[in-house]
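The values are calculated or read from the model by the stated rules, or taken from the named source; none is laboratory data. Here the structure is a predicted model, which means the values were calculated and not measured. Reconstructed Cβ throughout: ideal geometry from the backbone, glycine too, with neighbour counts over all protein chains shown. Remember, those area values only see protein heavy atoms, side chains included, never the ligands or the DNA or RNA. Shrake-Rupley method; radii C 1.70, N 1.55, O 1.52, S 1.80 Å.
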Amino acid sequence: SMYAEFNEGSPATANNLLDDVWPSRGFALAKLDWPLTWTEDPYNDAYWRFFFYGLQPEATLLYEWEQTRDRRYVDKLVAILRSFVAYDVTRPAQPLTFDNNHAAAYRAMELVNMYVKLDRDGQLPSDLRAGMLASLARLGRFLADPKHYEGGVNHGFNEGAALLVLADSFPTMAGATSWRQTAIDRLNSLLDTTIDGDGVEVENSPFYHVYVLGIVYQIAQWAKQYEPALAPSYGAAAQKMLRFAADITQPSGYLPMLGATATTYMPSQDPTVYGPMADADPAFAFAYTRGASGTPPPDGTVLFPASGLFVMRSPLVRPSNLSHQTYVTFDAGPYRTEHSDLDALGITIFSGQATVLPEAGLFTYTQQPEREFFHGTSAHNTVVVDGKDQAEGSATAGASGSGGGATWATGTSDLYTGVHHARTVVVLRQDLALVIDRLTSAASHTYTQTWHLDPAAVLSTSGQNALVRTAAGKAQLTITQASPSGETLATMKGQTTPRLQGWYSKSYGRESPDWALEYTRRGPAATFATLLATGAYAAAASATVSSTALAGGATAVNACVDGTTGYGVTVPADPTAQPTVVGGACASGARSSVRSP
């Protein structure tokens with residue numbers, strides 16, 4: 001077996017399977033009739049089908065048999081496999097279930113794993129041996145067909161790995177020699193097609209980046225023994241990917257929920273896989289241990305240029321201050337796969353020990369209104385134009401830099417026809433951030449700057465400004481807008497009509513209401529200047545922000561907190577030119593926006 005997961009198990013899952021109760025991510029456990037019909041799909045869910053028809057739950061029966069030698073586990077496994085191979089002989093083509101490319105790849109790896117271990121243990125009856133070999137031969141032919149290889153996304157790794165494991169484990173099987181070479185060629189090419197030069201996996205999802213990192217590392221370790229020619233390139237790719245995994249991990253240890261990312265805690269990732277990586281890479285060790293060991297990530301702004309993602313951090317005075325660090329992600333890159341979201345120029349913020357501005361998360365892969373919402377632009381912290389989703393396309397990263405304790409980044413987008421959007425994000429210092437949106441068009445539009453809060457947040461508003469408290473009443477975030485004249489604010493939580501808004505998905509298949517704030521301006525052009533105060537500044541007595549248009553298209557913004565902490569920011573019209581950030585006393589004469597009580 002190439003992957004550690006084939007050598008792991010769960011007693012609870014195995015015991016449930018003895019009673020025909022099957023695991024179901026995001027749903028209640030599924031009670032299936034016995035004997036199986038192999039047409040089961042209790043939730044009409046793509047992930048459930050992938051897991052079930054990939055024969056993935058059965059691995060835990062094998063593991064528990066090997067650990068306990070309790071015959072109930074091996075007898076149930078043999079019964080399920082006999083049922084499967086009997087059906088597999090005569091079944092029709094089934095693209096959604098058995099003939100899903102990714103499910104077929106996992107099924108091949110599972111069958112190889114179970115065949116070899118049952119045979120080794122003397123638990124492979126002759127009829128089952130013949131049936132499994134026939135199923136494996138069919139899978140080899142299926143996976144070798146170019147139509148069933150997804151070379152541009154993470155599925156390709158498993159499809160290539162499955163074909164290689166099959167060919168190397170059964171070298172005398174008809175076709176195995178050519179399968180092996182095909183698999184090696186595919187696995188080599190995947191390093192170029194799915195991992196950017198900056199080490200970021202192309203799907204714009206931190207979860208899938210960490211997942212593919214684990215795959216790449218495990219292939220490298222397996223190849224050292226079985227395919228030494230693959231080992232150096234896969235080892236180098238894993239090393240390249242570790243930097244992004246280290247930088248993208250929030251101070252809390254969780255991944256930001258960008259793209260197809262559900263709640264993912266880095267320190268809980270399989271220690272068999274990720275532990276050795278942490279031992280070898282100090283930066284990754286810091287993320288994997290939440291700062292208990294290793295080297296902290298750099299302060300300031302880091303751009304991963306191929307993915308277009310900025311990661312911004314306030315200065316970390318000492319590792320023990322990690323949970324208070326202000327951490328921002330800012331997406332100024334391309335939309336590339338279905339695991340990306342329509343979130344160009346979207347941001348997330350972790351600050352003051354909490355994710356104060358999350359994205360909506362991953363709810364489902366199945367096409368339905370909920371999928372459209374969670375995947376769409378209004379579920380993200382960016383600007384929506386005319387109530388529509390952005391086009392699938394690319395934003396452009398602009399200037400970025402650091403100085404005087406502040407750090408900044410600029411990006412632009414033309415993903416709404418006829419509309420140019422420039423966003424500058426400045427982390428002024430720990431707990432203070434400024435977002436400046438400038439939208440221009442030859443025609444009049446409705447521009448809506450959208451913010452999403454944690455589901456547990458308690459929201460109050462005063463005019464255009466908002467105060468966010470924890471359930472215990474602690475001030476957590478204030479949102480202060482400049483120049484509220486002509487701007488409207490709408491707040492929504494758990495809205496279903498006339499459109500979905502104010503929903504959050506912590507884990508796949510589960511959603512809960514959260515507050516969404518929509519600031520709207522109408523006209524050919526619009527500017528939003530938004531001060532975001534967190535941590536100690538969230539409880540400040542007052543916050544003010546003002547915005548002024550300057551000659552040549554530049555924008556000047558002054559911000560002040562508590563009448564003492566002030567910043568002046570000037571953003572040039574040219575997004576490739578550096579803004580200036582000056583800190584000090586509050587500027588006199590700034591137009592005031594009183595913070596909500």
task = Classify the stretch 363-521 as rounded, prolate or oblate, taking a ≥ b ≥ c as the square roots of the eigenvalues of its Cα gyration tensor: rounded when a/c is under 1.5, otherwise prolate if a/b is larger than b/c and oblate if not.
result = rounded
key: For the chain, with +1 on Lys and Arg beta carbons and -1 on Asp and Glu, the positive-most of 102, 445, 394 along the dipole   = 445
message = Run the numbers for residue 19 and residue 370: contour at 0.36 nm per residue of separation, minus the present Cα-Cα distance, in nm.
response = 123.1 nm
message = Could you tell me the calculated FRET efficiency between residue 306 and residue 585, based on Cβ-Cβ distance and R0 = 35 angstrom, to the nearest 0.05?
response = 0.25
task = Compute the label zone of residue 295 within the stretch 181-223: residues whose backbone N is under 19 Å from the point 7 Å along Cα-to-Cβ.
result = 198-200
message = I'd like the distance separating the alpha-carbon centroids of the stretch 414-440 and the stretch 360-393, in whole Å.
response = 19 Å
query = With +1 on each Lys and Arg Cβ and -1 on each Asp and Glu Cβ, how big is the dipole of the chain about its Cα centre, in debye rounded to the nearest 20?
reply = 960 debye
remark   = Quick note, the stretch 422-470: a/c under 1.5 would make it rounded; otherwise a/b > b/c is prolate and the rest oblate (a ≥ b ≥ c, C-alpha gyration tensor); here it is oblate
query = If you take the beta carbon distance between residue 7 and residue 394 as r and set R0 to 51 Å, what does 1/(1 + (r/R0)^6) give as a FRET efficiency, to the nearest 0.05?
reply = 0.80
query = When the helices in the chain are scored as -39500 (n - 2.57) per DSSP H run of 4 or longer and the sum is shared across all residues, what 222 nm value do you end up with, to the nearest 500 deg cm²/dmol?
reply = -10000 deg cm²/dmol
remark   = Taking Cα atoms, the helix 271-280 axis meets the longest principal axis of the chain at an angle in degrees (rounded to 10) of 60 degrees
message = With the cut-off at 1.5 for a/c, could you classify the stretch 453-520 from its C-alpha gyration tensor as rounded, prolate or oblate?
response = oblate
query = About its Cα centre, how strong a charge dipole does the stretch 135-294 have in debye, to the nearest 20, once Lys and Arg get +1 and Asp and Glu get -1 at the Cβ?
reply = 300 debye
ask   = lysines near residue 240 by alpha-carbon distance under 24 Å, same-chain residues fewer than 8 away left out - which ones?
value = 224
inquiry  = Of 27, 344, 113, which is farthest towards the positive pole of the chain's charge dipole, taken about the Cα centre with +1 and -1 on the beta-carbons of Lys, Arg and Asp, Glu respectively?
reply    = 344
query = How big, on average over all directions, is the shadow cast by the Cα convex hull of the chain, in nm²?
reply = 27.7 nm²
remark   = Quick calc, residue 193 & residue 33: beta-carbon distance into FRET formula, R0 56 Å, rounding 0.05, result 0.85
task = Would you mind calculating the gained length between residue 130 and residue 86 on full extension (0.36 nm times residue separation, minus the Cα-Cα distance), in nm to one decimal?
result = 14.8 nm
remark   = With the 1.4 Å probe rolled over protein heavy atoms, the chain has an accessible area per residue in Å² of 37 Å²
ask   = So which lysines can residue 493 reach, going by Cα to Cα under 20 Å and dropping same-chain residues fewer than 8 places off?
value = 388, 506
remark   = With a 1.4 angstrom probe the carbon and sulfur portion of accessible area for the chain, in percent, totals 54 percent
query = Can you tell which of 357, 298, 464 lies farthest toward the positive end of the dipole of the chain, using +1 and -1 charges on the Cβ of basic and acidic side chains (Lys, Arg; Asp, Glu)?
reply = 464
ask   = Can you list the lysines whose alpha carbon sits under 19 Å from that of residue 117, skipping same-chain ones fewer than 8 residues off?
value = 76
request  = Treating the angle as unsigned and between 0 and 90°, give the value, to the nearest 10°, between the Cα long axis of helix 176-193 and the longest Cα principal axis of the chain.
outcome  = 10 degrees
key: Degrees, to the nearest 10: 231-248 long Cα axis against longest axis of the chain   = 30 degrees
